[in-house]
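Notes follow once the structure below has been shown.
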Amino acid sequence: IVQYLCSSQILKYKLAFLKAVLRQEVAWYDTSSPEELSTKFSESIVKVQKGIAAPAFVLFEGLGYGLGSLVMAFVYDARVSGVTLATIPLLVIPATIS
């Protein structure tokens, strides 16, 4: 899922870049080098892809662990689920501060 979301966002960026390049006036092409432009763009896309993929994976991983532990607590013992629910604020508050 994360890879699909990342790929679709990168595709949107590429389409927006292509539209922006095609909208330029003719004089802009005389001063700009197409090879330099494509190299800069591909380097930027790689940075964006790394920036999108890592945080999204961490988010889904954390949600999966949290929901999984909550379900396991409800399945095995209601007292365990109570302890799990009581510790959620202890985990959320430090995460929002940093």
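Neighbours of A86, meaning other residues whose beta-carbon lies under 15 angstrom from its beta-carbon, give a summed charge of 0 when Lys and Arg score +1 and Asp and Glu score -1.
On a 0 to 90 degree scale, rounded to 10, what angle separates helix 2-22 from the longest Cα axis of the chain? Here the helix axis deviates by roughly 20 degrees. The C-alpha atoms of the chain define a longest principal axis, and helix 78-97 lies at about 40 degrees to it. Electrostatic bookkeeping for V46 treats Lys and Arg as +1 and Asp and Glu as -1; over the other residues with beta carbon under 13 Å from its beta carbon, the sum is +3.
Ignoring ligands, DNA and RNA, please state the percent of accessible area on the chain from carbon and sulfur, probe 1.4 Å. Solvent-exposed carbon and sulfur of the chain make up 70 percent of the total. When Cα extents along the principal axes in Å is computed from the coordinates, the matching label among [x] 36, 29, 17; [y] 72, 27, 19; [z] 32, 28, 25 is [y]. Label positions at Y76 and S7, each projected 7 Å from the Cα along the C-beta direction, are separated by 3.8 nm.
The values are calculated or read from the model by the stated rules, or taken from the named source; none is laboratory data. Since the structure is predicted, the reported quantities are computational estimates derived from the model, not experimental observations. Backbone-built Cβ (ideal geometry, glycine too); neighbour counts: all protein chains shown. Each accessible area value is taken on the protein alone, full model and side chains, heavy atoms only, with ligands, DNA and RNA left out. Shrake-Rupley method; radii C 1.70, N 1.55, O 1.52, S 1.80 Å.
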